[in-house]
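Please find one structure pasted underneath; my questions will follow.
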Amino acid sequence: MPAIAVIGSIVADIVVQTPRLPRSGENLHAKRIRVMPGGKAANAAVAFTRLGGRAYLLGNTGSDAFAAMARQALEQEGVSISTVRADPEHPTGSGILLVEATGQTAFIIDPGANLTLPVAWVEEALRPLLPVLDGLLFNFEAPEACLLRAVELARAHNLPVFVDAGPARPYTPVLWQGAAVLTPNQAEAEAMVGYSLAESAAAEQAARQLLEQGARTVVLKMGGRGALVAQDRKLWWSPAFPVQVVDSAGDGDAFTAGLVLALLEGRSLADAVVYANACGAIAAARAGTMVSMPTAAEVAALLRGSRV
């Protein structure tokens, strides 16, 4: 059973299913509003666990009702939260997710305690785990200084580092130099290279450009276009599974968790990306973020040809 530490965000998601984004001053009826735990790191930790791995979550919550909700959900999923800190002075992060009828999403986020995670806490929490870990996964919803220290510790123990480069932040490429895999989505990759990836040729140029910044492998999550993989001098597209998109908010987290698990289990990069595409498709085909994360049985069924 592969084991990883996941560093990043824990938030309360206020998910609003809406026919479309409202105009300024408009009173628009929502189809449904739900409050549930989420956050890119929490989602990935749950997905990794559901897929058969062991996840230790390092993050920061407040000491409020949203924190209690998140902790309870994570414990029920089997995620280790002994390294989740409770900040007595800042609220748990929260966000409003507007989910349109097409499944596309828009976010309004208050990071809250996610941005007050102390570097010393990350080091103290991560050090004892290093001997039992097979890898480190993080996203950009934690302070850059914390992530830099975590990368230093992982490299010192020869642990592979997996970087889910989102949301878009002006973080230093030092974070992904030598990373086993860098996995931004299209919008995040566009922010990193500074131009549109609407055309396949531009996406391929961006993948090579990011590879030159030091990651050993770059996998661009391109939604319905599939995944674009760059490693050494090889570059190829791995097609997405055709699904009816219900909510795309958590599909990238599921994709990355599945990719990491498959690679740590010893699968080839090509097979791991297909597995990751299946994970993302399952998450996109149902509502919610953390609750939409796939199980190993669901992924196996999709890979056998069953419908999502």
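None of the figures in this text is laboratory data; all of them are computed from the coordinates on show. All of these numbers come straight from a predicted model, not from anything done at the bench. All Cβ positions, even for glycine, are placed from backbone atoms using ideal geometry, and neighbour counts span all protein chains on display.
Classify segment 1-158 from the C-alpha gyration tensor, please: rounded if a/c falls under 1.5, else prolate or oblate depending on whether a/b exceeds b/c.
Details: a/c = 2.20, a/b = 1.87, b/c = 1.17.
Taking the square roots of the gyration eigenvalues as a ≥ b ≥ c, segment 1-158 is prolate.
So what are the three principal axis dimensions of segment 149-301 from its Cα atoms, in whole Å, longest to shortest?
Answer, in whole Å and largest first: 37, 36, 27 Å.
Next question, about the same structure. Within the chain, which is the longest segment containing none of the trypsin sites (Lys or Arg not before Pro) that sit in a DSSP loop and have at most 14 other Cβ atoms within 10 Å?
Details: sites that count: 20, 23, 31, 233, 304, 307.
Longest gap between qualifying sites, sites excluded: 32-232.
Hey, another quick one. Residue 40: which lysines have alpha carbons under 16 Å from its alpha carbon, excluding same-chain residues fewer than 8 sequence positions away?
221
If you wrap the chain's Cα atoms in a convex hull and average its projection over all directions, what's the area in nm²? Provide the component values of the computation, followed by the final result.
Details: hull surface 61.1 nm².
Mean orientational projected area (the chain, Cα hull): 15.3 nm².
Test of the criteria: in segment 82-130, which GluC sites (Glu not before Pro) are in a DSSP loop and have at most 14 other Cβ atoms within 10 angstrom of their Cβ? The partial results should precede the final answer.
Values: sites: 89, 100, 123, 124; in loops: 89, 100.
In loop regions of segment 82-130 (DSSP not H, G, I, E or B), the sparsely surrounded GluC sites (Glu not before Pro) are 89.
Starting from the Cα coordinates of segment 41-132, work out the convex hull volume and express it per residue in Å³. Present the calculation step by step, with values, prior to reporting the outcome.
Details: hull volume 10.5 nm³, N = 92.
It comes to 114 Å³ per residue, whole-number rounded.
So in the chain, what percent of DSSP beta bridges are antiparallel if you round to the nearest 5? Walk me through the numbers on the way to the answer.
On the way: 23 of 51 bridges.
The answer is about 45 percent antiparallel.
Is segment 89-132 best put as rounded, prolate or oblate by its Cα gyration tensor, with a ≥ b ≥ c the root eigenvalues, rounded for a/c under 1.5, and otherwise prolate when a/b is larger than b/c, oblate when not? Write down the numbers at each step before the final one.
Working: a/c = 5.53, a/b = 2.04, b/c = 2.71.
Oblate shape, in that a/c is at least 1.5 and b/c is the bigger or equal ratio.
Let me ask something else. Please give me, ordered by residue number, the GluC sites (Glu not before Pro) of segment 180-235 that lie in loop per DSSP and have at most 11 other Cβ atoms within 10 Å.
Answer in residue order: 199.
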